[in-house]
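The values are calculated or read from the model by the stated rules, or taken from the named source; none is laboratory data. Nothing here was measured: the structure is a model prediction, and the numbers come from that model. With ideal geometry, Cβ positions are generated from the backbone for all residues, glycine too; neighbour counts draw on all protein chains shown.
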Amino acid sequence: MNPGSPSSSRADLVEVLDQVHAHVRPLIGQGKVASYIPRLANVPIDRFGMAVATLEGEMITIGAADEPFSIQSISKVFTLTLALEALGADLWKRVGREPSGNAFNSLVQLERERGIPRNPLINAGAHVIADVILSSSPNAREDLLGFVRERADNATISMDEDVARSEREAGFRNIALANFVRSFNNLDNDVDAVLDFYFHQCALQMSCVDLARAFLFLANRGVCQRSGRAVINPDRAKRINALMMTCGTYDAAGEFAFRVGLPVKSGVGGGIVAVVPNAMAVVVWSPGLDGKGNSLVGAAALDRFTALTGLSVF
Ligand code: GLU
C-alpha cells in the first residue's frame, strides 16, 4: 500500500502490522516495567502483541495478541462509560475534563483545585468515578466485569487478585489521593471500598484481541458492532473519545496527539488502545514503559501505524 493512504482492507492491515512489528523490533526490551506494583515487576519486558478489530468484523493480529496482561488504567475508560450512564452530565460537577499536564498519580493539582480532579482518566479522577459506580450499584465489581466481558465477547475475562492485592499493599500514593479527595467531600463511599474497587478494575486481565473488540463501540458512535445495539449514545461516545485524546496518556497527551493523532488510552501494564472513529480499534502491548508511564514500544508502534495507513483524525 502507499504510505499515508488511508486503507483498512484485511490484506493491507496484515502487511501494515508486519511492517510495524519490523519497525519496533529494535526497541522491544527498552524502557522499564511498572515495578512500583510489585506483581507487575515480573512481567517479561520483551513481550509484544498487537490487534486491530475493524467495524467490518475483521480481527488482524501479530505477536502475543492473545496473551492476557494487566490493563491497569485502560480500565478507566470502561468505568467512565458506566459512570456516565449512571449519573449523566452531573458527573462533571465532581470531575473536570481538562488535561492535567501532570503525572497520573500527582497530588499537587488536587490541593489547588479543592478535590475536583482535572479529568476522569488520572488516578484521582478514577477514584471519583469508582465512587459514582459504587453508589449506583450494590454489585459494582460484578457489573464492571459483566460489562467488559460483554464488550469483549469473552466470558473468561477476570480480575487478577494477586495484582489487586499487590497494588493495595504498595498503594500509598493512591491511598493518599483518595483520602485527599475524601477530605474535600468528593467521595461518598468508604475510602477503602473505593480503593478496593479501583485496584480491582486496574487488575483486569485482557489480551490485545479482547481490548480491540471491547473498544469497538467507541469507534462506532457508541453502537456494538456485533449486535447493532447502542451501548451508549453517539454524543457520549464522542465525549469519551475526546477525553481519551486530550487526557488518555497523562502528561504525554500532547505528544501522542502530535505523533499518533487518535483517541488513545494507556496503562502501566504496557497496553495502549487507540480508536479510529468509524473504522477500527487498535491495541498494542509491550510492557517496557517510558518515563511518563506509557509503553515505549506501543507509542512507536502507533506512530508507525498511523504513518503507514494515514488513519488519524487529523
Ligand atoms: N493502577 C495504576 C495506578 O494507580 C494505574 C496507573 C496506570 O495504568 O497508568 O498507579
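Things worth noting here:
- Checking each residue in the stretch 118-153 for being assigned to a helix (DSSP H, G or I), surrounded by fewer than 16 Cβ atoms within 10 Å (Cβ to Cβ) and either under 15 Å from the mean Cα position of the chain (by Cα) or modelled with pLDDT under 95 (or both) picks out no residue at all.
Matching residues to (1) of a type in the set (D, E, K, R); (2) closer than 19 Å to SER75 by Cα; (3) without any contact (Cβ under 8 Å) to a residue 40 or more places away in the chain:
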residue: GLY270; (1), (2), (3): no, yes, no
residue: VAL275; (1), (2), (3): no, yes, no
residue: ALA279; (1), (2), (3): no, no, no
residue: ASP290; (1), (2), (3): yes, no, no
residue: ALA299; (1), (2), (3): no, yes, no
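- Residues of the stretch 87-105 classified as more than 16 Å from the ligand (Cβ to nearest atom) and surrounded by fewer than 17 Cβ atoms within 10 Å (Cβ to Cβ), total: 7
- For PHE69, the stated conditions do not hold, so it cannot be described as within 16 Å of the ligand (Cβ to nearest atom), at negative phi, at pLDDT below 95 and buried (at least 24 other Cβ atoms within 10 Å of the Cβ).
- Flag for PHE104 being in a loop (DSSP other than H, G, I, E, B) and either polar (S, T, N, Q) or in contact with a helix residue (DSSP H, G or I) (Cβ under 8 Å, 6 or more places away or on another chain) (or both): yes
- Verdict on LEU110 being more than 24 Å from ALA214 (Cα to Cα), of a type in the set (A, V, I, L, M) and crowded, with 17+ Cβ neighbours inside 10 Å: yes
- When the stretch 20-43 is filtered for residues that are surrounded by 16 or more Cβ atoms within 10 Å (Cβ to Cβ), over 20 Å from the mean Cα position of the chain (by Cα) and assigned to a helix (DSSP H, G or I), the ones remaining, listed by number, are VAL20, HIS21, HIS23, VAL24, LEU27.
- Looking across the stretch 218-275, the residues that are of a type in the set (Ser, Thr, Tyr) and buried (at least 20 other Cβ atoms within 10 Å of the Cβ) come down to THR249, TYR250, SER266.
- The numbered conditions (1) more than 30 Å from GLY146 (Cα to Cα); (2) within 17 Å of the chain's Cα centre (by Cα) are all true for ASP46 except (2).
- Residue pairs meeting the criteria (Cβ under 8 Å; at least 6 apart or on separate chains; first over 14 Å from ALA130 (Cβ atoms) and modelled with pLDDT under 95, in the stretch 162-182; second surrounded by fewer than 19 Cβ atoms within 10 Å (Cβ to Cβ) and of a type in the set (Phe, Trp, Tyr)): ALA170/TYR36
- Test: residue in the stretch 192-204 that is under 23 Å from PRO99 (Cβ atoms) and of a type outside the set (Phe, Trp, Tyr): yes
- Filtered residues of the stretch 21-53 (kept if small (Gly, Ala, Ser) and more than 16 Å from the ligand (Cβ to nearest atom)): ALA22, GLY29, GLY49, ALA51, ALA53
- Condition check for VAL191 on (1) surrounded by 15 or more Cβ atoms within 10 Å (Cβ to Cβ); (2) within 12 Å of the ligand (Cβ to nearest atom); (3) of a type in the set (A, V, I, L, M, F, W, C): one failure, at (2).
- Subset of the stretch 161-174 that is more than 21 Å from the chain's Cα centre (by Cα) and assigned to a helix (DSSP H, G or I) - its residue that is farthest from the ligand (Cβ to nearest atom): GLU169
- The set of residues in the stretch 106-131 being away from the ligand (no atom under 14 Å from the Cβ), of a type in the set (S, T, N, Q) and in contact with an Asp or Glu (Cβ under 9 Å, 6 or more places away or on another chain) is empty.
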